[in-house]
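Right, one structure below, let's go through it.
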Amino acid sequence: MSVLSGKNIILGVTGGIAAYKSSILVRLLVKAGAAVKVIMTPAALEFVTPLTLATLSKNPVHHLFTEEGDTTGVWNNHVELGLWGDLMIIAPATANTMSKMVTGGIDNLLLAVYCSAKCPVYIAPAMDLDMYKHPSTQHSFEKLSSYGNIIIPAGDGELASGLSGKGRMAEPEEILSFIEEDIEKQLPLKGKRVLITAGPTYEPIDPVRFIGNHSSGKMGAALALEAAQLGALVTLIIGPSHVEAVHSNISRTNVMTAQQMYDQVFNHVDKVDIAIFSAAVADYRPQSVADQKIKKKDSTLTIELVKNPDILASVGALKKRPFLVGFALETENELEHAFAKAEKKNCDLLVLNSTRDKGAGFGKDTNKVTIIDRKKQTTVYETKSKQLVAKDILNEIIEKIK
Ligand code: C5P
């Protein structure tokens, strides 16, 4: 999955012959899962039609502060457009537009949006070789870089003028991979390996029955997806659950019992930097599993249970262990129990849920958590979607491992 998936991208197109390639760039961005809004300079309209870019981006293309023929005075709000973008790409960027970006010479909508945008800006210059080499263009590159803008180097080759040299806009595919790689290398969990346990465990009684719980696996799946999007390589070990967690950075292992989860965790734990144990593991399992379905006989049935290994505590006891995050679901004296659990299991962070909180717990799409650390510092979070809770948990982890 591309890091651009779900991102809002403003594509600024200026008046150079390479503008025709912006249509290919729009397609690639949309294919990568981004929402794209195109803004053109008046000169760009000479090279490519707004209809082409509107059709490909599935969004209206803007080039004026008010739309042509509009008598209602509806204004293309450059501030709103600028804030909408998670990133802005200007491709092709002419020498003229770049010099105005340097000086703040705002005489069209694209320049107004550029000056209003707070997001990262990528610039793909395109011009003839002598214009590219000119000190004023080199000065623009330096200045724009000093503003924090990222220049995507132009390529060497045949130019529209018939000359050959540096100045060709990078190909749309190159622009896409340049931006993806640049974003990926800045991801806070890039290069980290994360192990996550999730879902319930089922402890068989006989071939058809088991002891289980209502955990859905949604919280663990949300954590896996969020960690993957932040650049981590994730190993998700999940008990019986239909929840999906699909991302190229996630490798999923399905297990059924606590013992299987324990075995899988210990297959991976020495290779990971962070372990998050969100699974609702059965504390006990039947001592023996009947070969055949147990028949109804007496009015009572006794099943002897034996203790399952505590996966979190076992990892907490390791000499060399990853940064460790446990979960605790409590029903009363929540904080007191959570502090004791964090200490006993040797967690770096403990995520506390209370059954007394509405909007928290098994099967729901929302959760309400309090996160405590080794120094017993607590942060209480509002009820929110499990995706947003996953972001909060990972942000706390990132802060701590810095
Ligand atoms: O002791 P309690 O079950 O409340 O602890 C909850 C935390 O311990 C969770 O992070 C859970 O995933 C983990 N746990 C475990 N193995 C067990 C029991 C709980 O990893 N057998």
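The values are calculated or read from the model by the stated rules, or taken from the named source; none is laboratory data. Fair warning: this is a prediction, and the values are worked out from it, not measured in the lab. Here the Cβ positions follow ideal geometry from the backbone for every residue, glycine too, while neighbour counts run over all protein chains shown.
Test Tyr262 against the criterion of being at negative phi and near the ligand (Cβ under 8 Å from one of its atoms), and give yes or no. In short, yes. Applying the criterion of at least 2 residues that are surrounded by 23 or more Cβ atoms within 10 Å (Cβ to Cβ) to the helices (runs of 4 or more DSSP H) found wholly in the range 72-138 leaves 95-103, 109-116. Quickly run through the range 265-307 and pick out the residues that are buried (at least 19 other Cβ atoms within 10 Å of the Cβ) and within 12 Å of the ligand (Cβ to nearest atom). Once the filter is applied, which keeps residues that are buried (at least 19 other Cβ atoms within 10 Å of the Cβ) and within 12 Å of the ligand (Cβ to nearest atom), the range 265-307 yields Val265, Val269, Ala275, Ile276, Phe277, Ser278, Ala279, Ala280, Val281, Ala282, Arg285. The residues of the range 328-366 that are without any contact (Cβ under 8 Å) to a residue 60 or more places away in the chain and assigned to a strand (DSSP E or B), listed by number, are Ala328, Leu329, Glu330, Leu349, Leu350, Leu352, Asn353, Ser354, Thr366. Taken over the range 233-264, the criterion of being closer than 9 Å to Ala198 by Cβ and crowded, with 21+ Cβ neighbours inside 10 Å is satisfied by Leu236, Ile237, Ile238, Gly239, Ala245. Scanning the range 308-345 for residues that are near the ligand (Cβ under 10 Å from one of its atoms) and of a type in the set (Val, Ile, Thr) turns up Ile311, Val315, Val325. In the range 215-232 there is no residue that is within 17 Å of Gln259 (Cα to Cα), assigned by TED's automatic domain parsing to the domain that holds Ala280 and surrounded by 15 or more Cβ atoms within 10 Å (Cβ to Cβ). Against the criterion of being out of contact with any strand residue (DSSP E or B) (no Cβ under 6 Å at 6 or more places or on another chain) and surrounded by 14 or more Cβ atoms within 10 Å (Cβ to Cβ), Thr52 qualifies.
Within the range 155-173, being in contact with a Pro (Cβ under 9 Å, 6 or more places away or on another chain) and under 17 Å from Ile24 (Cα atoms) holds for Met169, Ala170.
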